[in-house]
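The values are calculated or read from the model by the stated rules, or taken from the named source; none is laboratory data. Because the structure is predicted, anything quoted here is derived from the model rather than measured. Ideal geometry is used to build each Cβ from the backbone, glycine not excepted, and the neighbour counts take in all protein chains shown.
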């Protein structure tokens, strides 16, 4: 099952994370990730869409090694490329048989095709 749910930003609460390493996980800013994406696109070379697909596929492979098919995923997507990554991950998980709910705050007309 795949669900798409429109949310309003005011309803969400996100705890503030420290930049850098926390609990064996690095938290990076959107600005840092954007610079890495630009560098990779220019130097590999790879299109932005193919880079997004590659990143999503890596995440899905990681999830498949950890979670069983009966798991449900709740994916929160914003409007930029990170939101695109979330939509790509959701699509791939769905096609592999997982239940996925996407929460987004972007108007449909503003989403990339």
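Taking the criterion of being loosely packed, with under 14 Cβ neighbours inside 10 Å and within 11 Å of the chain's Cα centre (by Cα), would at least one residue in region 88-108 satisfy it? Looking through region 88-108, none of the residues is loosely packed, with under 14 Cβ neighbours inside 10 Å and within 11 Å of the chain's Cα centre (by Cα). Annotation note: of 68, 31, the sole residue that is free of Cβ contacts under 8 Å to residues at least 24 places away in the same chain, within 17 Å of the chain's Cα centre (by Cα) and surrounded by fewer than 14 Cβ atoms within 10 Å (Cβ to Cβ) is 31. Is it the case, given these coordinates, that residue 39 is free of Cβ contacts under 8 Å to residues at least 12 places away in the same chain and either in a loop (DSSP other than H, G, I, E, B) or more than 24 Å from residue 1 (Cβ to Cβ) (or both)? Taking the combined requirement at face value, the residue satisfies it. Any chance region 51-65 includes a residue that's at pLDDT 75 or above and assigned to a strand (DSSP E or B)? Within region 51-65, none of the residues are at pLDDT 75 or above and assigned to a strand (DSSP E or B).
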